[in-house]
Each structure stands twice: as structure tokens, then as C-alpha cells.
Amino acid sequence: MLRSWQNAADMKYMYWDSDLEARAGQWSEGCRFEHQMRGYGENLAFMSSTGPAPRPRETIMDGIRNWYNEISLWQRRSPQQRLQFCGAACHYTQLVWSRTSRLGCTLSYCPVLVDDRGSTYRNAMYFVCFYDPQGNIVGQPVFHSGPPCTRCPGGREPCRNGLCAGPDIARRFRRSAAITESWMCQSPKVKCSSPNVPEKCPTKCSSENEGIFQTHRYVTLLFSDDTDD
């Protein structure tokens, strides 16, 4: 949905990537609120509490909402400025970077989260998204405005919800949809008490947190109209 809203002529369809999800999970479980800078686009967010841990859905939705709301800062920039450093709108520009086609996110509970200045936050939910290809490249436009799918990177491509969806993306989407349920059942981090956990999966549950299931569910709902509700 978010990428479809941009009225872009060259916006690629973004699909969930299990390798990026695993890499994001390795990073979030380290409980350090800083960028790893290893060739992927990165968006980070967290919520902490002096009481019960923040709810997974609230953490995910609040993080993505704050990233996207940077659009107001981006819109104030001149066309020349938009080709320079993304400034205070880097989360938004990575979300809608037209050439990015793969996304993987995860949510981890951190008893203590440490940021790059050494400040600590207790009882935190840490939300990490990795993107590939990474965006925010100086000198390149975030996207080209125009009628949807009229400037797709591969030339004439299928158009899915206003996004450029080549054959490889369509195949990956079908495969992702087919394995989603079985993959959720294999997750060791789904909380048994969550109402979203399939009833046939209780032996695969633990009491750690419900982050894996919630992250995949809510992030894909925001990035694609095709995910089952």
C-alpha cells in the first residue's frame, strides 16, 4: 500500500525475503540501536516501557508510521535537494525507494537496549527492517513521478497494484504465499497465547515473544494489498 501511494512510474513491487529477515533478526537480537552499515538499506525503531513490554503490533505500526510521516520533510525539499543527502527523511525515502524490491524485518524483545551514544532503554521492543537493493544513493532520484508502471526498470512489466512486478517477482510472491503458514508454524518465537497463532502449531511455541508472526503479518499488510488478512 505505502509504495502504491506515491504515484510513481517506476516503483518496483516489494516482496518479503527470508534471508533479509534472518539478517535483521541477528541484528535486532544484539539489542544495539545503531545501523550495521553492511550494504543493505536499514530502518530501525523501538519502544520501551517502565511497565509491561510494549505490544508487538503497536511497536511495528508506530515505527512504520513514523518512518512514513517523514514524507512531509521530504516534500519541503527542492528537486535539487532531493538528489542530495536524504537528511531527516531517510526512513521515508528508503521505504519508497523505487529500485528496492526485497524486504525482511524482525522484532526482538530487549531487556536492555543500547544506542550508539551509550544510552540505555529497559524493557524494549526493537523493530529492524533490512532492504535490498539499498536506497538513499546520492545523485539518484527516489522515484520518477508519472502514471504507474510506465517506466519500469525492465521495460514493459506486469503492473500489480500500481507497482512494477516482473515475472520473477510474481513467482516469488506465489511461493511466499504458499509457505507462509508452514513457516509460521516452525517459528520458535511465536507466543502460544497469541490469538494469531494457528491452533495446529502449539508444540512449536515458546514464551519468548510473538514478534516473528506479528512482524510478518503487519509489515506485509502495509506493503502489499495481496496478503491475506
Positions within the range 114-136 being out of contact with any strand residue (DSSP E or B) (no Cβ under 9 Å at 6 or more places or on another chain) and either among the hydroxyl-bearing types (Ser, Thr, Tyr) or in a strand (DSSP E or B) (or both), in sequence order = none
key: Matching residues in the range 115-165 - criterion: being farther than 26 Å from Gln80 by Cβ and among the β-branched types (Val, Ile, Thr)   = Thr120, Val128
message = Considering only the range 65-78, I want to know if a residue exists there that is at pLDDT 90 or above, small (Gly, Ala, Ser) and closer than 22 Å to Leu20 by Cα.
response = no
task = Inspect all residues belonging to the range 168-181 and state whether any of them is touching a Ser or Thr at 6+ places or on another chain (Cβ under 7 Å), closer than 20 Å to Ala9 by Cα and either at pLDDT 95 or above or buried (at least 19 other Cβ atoms within 10 Å of the Cβ) (or both).
result = yes
key: Pick from the range 79-108, criterion touching a Pro at 6+ places or on another chain (Cβ under 9 Å) and closer than 23 Å to Trp16 by Cβ, ranking: surrounded by the most Cβ atoms within 10 Å (Cβ to Cβ)   = Leu107
message = Any residue at all in the range 104-112 that's within 22 Å of the chain's Cα centre (by Cα), at pLDDT 85 or above, closer than 19 Å to Ser4 by Cα and not acidic (Asp, Glu)?
response = yes
ask   = Can we say Tyr92 is modelled with pLDDT of 95 or more and under 21 Å from Leu163 (Cβ atoms)?
value = yes
ask   = In the range 128-140, is there at least one residue being buried (at least 19 other Cβ atoms within 10 Å of the Cβ), of a type in the set (Ser, Thr, Tyr) and at pLDDT 95 or above?
value = yes
key: Tally, over the range 58-79, of residues that are under 16 Å from Ser145 (Cβ atoms) and of a type outside the set (Ser, Thr, Tyr)   = 5
Given (1) within 25 Å of Gly146 (Cα to Cα); (2) small (Gly, Ala, Ser); (3) surrounded by fewer than 21 Cβ atoms within 10 Å (Cβ to Cβ), number of the condition Ala53 does not satisfy = (1)
task = Sort out which residues of the range 110-120 are in contact with a Cys (Cβ under 8 Å, 6 or more places away or on another chain) and surrounded by 13 or more Cβ atoms within 10 Å (Cβ to Cβ), and write them in order of number.
result = Cys110, Leu113, Val114
request  = Quickly run through the range 1-59 and pick out the residues that are within 27 Å of Asp116 (Cα to Cα), touching a residue at least 12 places away in the same chain (Cβ under 8 Å) and hydrophobic (A, V, I, L, M, F, W, C).
outcome  = Leu20, Ala22, Ala24, Trp27, Cys31, Phe33, Leu44, Ala45, Phe46, Met47, Ala53
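The values are calculated or read from the model by the stated rules, or taken from the named source; none is laboratory data. Given the structure is predicted, the values throughout are model-derived calculations rather than measurements. Ideal geometry is used to build each Cβ from the backbone, glycine not excepted, and the neighbour counts take in all protein chains shown.
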